1. Based on this model, can you work out whether Leu71 counts as surrounded by 11 or more Cβ atoms within 10 Å (Cβ to Cβ), at pLDDT 75 or above and in contact with a helix residue (DSSP H, G or I) (Cβ under 6 Å, 6 or more places away or on another chain)?
2. Output the residues belonging to region 39-77 that are outside any helix (DSSP H, G or I) and more than 19 Å from the chain's Cα centre (by Cα).
Amino acid sequence: MESTYIANTLPSGTLPAVTTHSHRRKANGPATAALLIQMATEILTTSPTMRQRMNITLTDLAAADKVRKSLLKTTAK
């Protein structure tokens with residue numbers, strides 16, 4: 001919806017600025033995995049219904065947090 005709105009409000013003959021990425025960051029697998037675990041843990045901690053549907057307990061989330069912390073230690077070395 002937002003892109004349609006922008007296109008409709010621009011004067012005719014004017015195109016929106018296109019940004020290009022000049023370089024790609026080097027991949028860091030453990031840090032990315034730790035971030036994904038943190039995001040999922042936060043979502044599941046606040047949603048008991050989702051935890052119940054996925055059959056995940058708070059104990060499972062605590063174990064995932066330990067794994068996340070060990071991944072962060074791996075990236076720090």
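1. On the way: surrounded by 11 or more Cβ atoms within 10 Å (Cβ to Cβ): yes; at pLDDT 75 or above: yes; in contact with a helix residue (DSSP H, G or I) (Cβ under 6 Å, 6 or more places away or on another chain): yes.
Yes: the conditions hold for Leu71.
2. In the first step, residues of region 39-77 are kept if they are outside any helix (DSSP H, G or I); the result is 47, 55-57, 77.
Once the filter is applied, which keeps residues that are outside any helix (DSSP H, G or I) and more than 19 Å from the chain's Cα centre (by Cα), region 39-77 yields Asn55, Ile56, Thr57, Lys77.
The values are calculated or read from the model by the stated rules, or taken from the named source; none is laboratory data. Only a predicted model underlies this, so the values are computations on that prediction, with no experimental measurement involved. Backbone-built Cβ (ideal geometry, glycine too); neighbour counts: all protein chains shown.
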